[in-house]
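Worksheet: the structure to be examined is printed underneath.
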Amino acid sequence: MKKPKIREVIVVEGRYDKNTLSQTVDAAIVDVGGFGVFNDAQTVALLRRLAETRGVILFTDPDGAGFVIRNRLKGALPRDGVKHAYAPDVYGKEKRKKRCGREGKLGVEGMRPEVLLDALRRAGATFEGEDAREAGEPITKADLLDAGLIGDGSVSRRAALVKALDLPEHISTNALLDVLNLIWTRDTFFEKTCKK
């Protein structure tokens, strides 16, 4: 089976993540070496250049450490050149490890190929030979408020939506809004989230 080709550069935490993704997609993949990227100005400069020219997709693990790395890179790179792919919270242990990670979640390296492809599609990756979805009216924070996903009493509704969409529990409201705008139209959003 031919691997789908992706235009953007995929940025992952480590070499095992890179290895897993390279078996699933045909794409340039950069491994930032985990927290080592915090002291690596050259890698950050390269990622900034790539974000400006080809675009990058940040694809970190769904644990707390992955979100720290994602947020640090997000702040260092041009916003319009960055897309975010989120692996769902799947509990277990990678085959190469003797025990589970601190939070007990699988990282990018432990995900099945179809889960990785789904996450990349949801991120808005540009797949060669596929038409891009036309953008309609965006979902806004006001829409989240109207749907009861932010504001008083919204925590459990938002958590239920995050779980239903197979997104990591650590996802911020702003990141959730970005994902919703990639996977749903505004009309679909209201159909799926209207208060019963």
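Which aspartates and glutamates does Lys83 reach when only Cα atoms under 17 Å apart count, and residues fewer than 8 places away in its own chain are ignored?
Within reach: Glu8, Glu13, Asp31, Glu52, Asp61, Asp118, Glu128, Glu134, Asp178.
Give the dimensionless ratio obtained when the Cα radius of gyration of the chain is divided by 2.2 N^0.38 Å.
Against the empirical 2.2 N^0.38 Å value, I get 1.03 for the chain.
For Arg15 and Glu103, FRET efficiency with R0 = 22 Å and r from the beta-carbon atoms, rounded to 0.05?
0.60
Given 0.36 nm per residue, what is the gain on full extension from Gln23 to Leu145 after removing their alpha carbon distance, in nm?
Taking Gln23 through Leu145 to full extension adds about 39.9 nm, to one decimal.
Note down the Stokes-Einstein diffusion coefficient of region 99-181 in µm²/s, whole number, using a Kirkwood radius over alpha carbon pairs, 4 °C, and 1.567 mPa s.
Here the translational diffusion coefficient equals 87 µm²/s.
Would you mind computing, in nm to one decimal, how far apart the modelled labels at Ala164 and Val90 are, each placed 7 Å from Cα along Cα→Cβ?
A separation of 2.3 nm, rounded to one decimal place.
Return the distance in nm (one decimal) between the two label points of a simple spin-label model at Ser172 and Ser156, each offset 7 Å from Cα along Cα→Cβ.
2.7 nm
For region 38-136, compute the orientation-averaged projected area of the C-alpha convex hull (one quarter of its surface), in nm².
If you wrap the Cα atoms of region 38-136 in a convex hull and average its projections, you get 8.0 nm².
Sort Asp166, Asp17, Asp26 so that the residue with the fewest other Cβ atoms within 10 Å of its own Cβ comes first and the one with the most comes last.
Asp26, Asp166, Asp17
Taking just the alpha-carbon atoms of region 141-193, what radius of gyration and Dmax come out, in angstrom?
Expressed in Å, the Cα Rg and Dmax of region 141-193 come to 10.0, 26.
The numbers here are math on the coordinates, done by the rules we state, and not lab data. The structure displayed is predicted, hence computed values, not measured ones. Cβ atoms come from the backbone with ideal geometry, glycine included; neighbour counts cover every protein chain shown.
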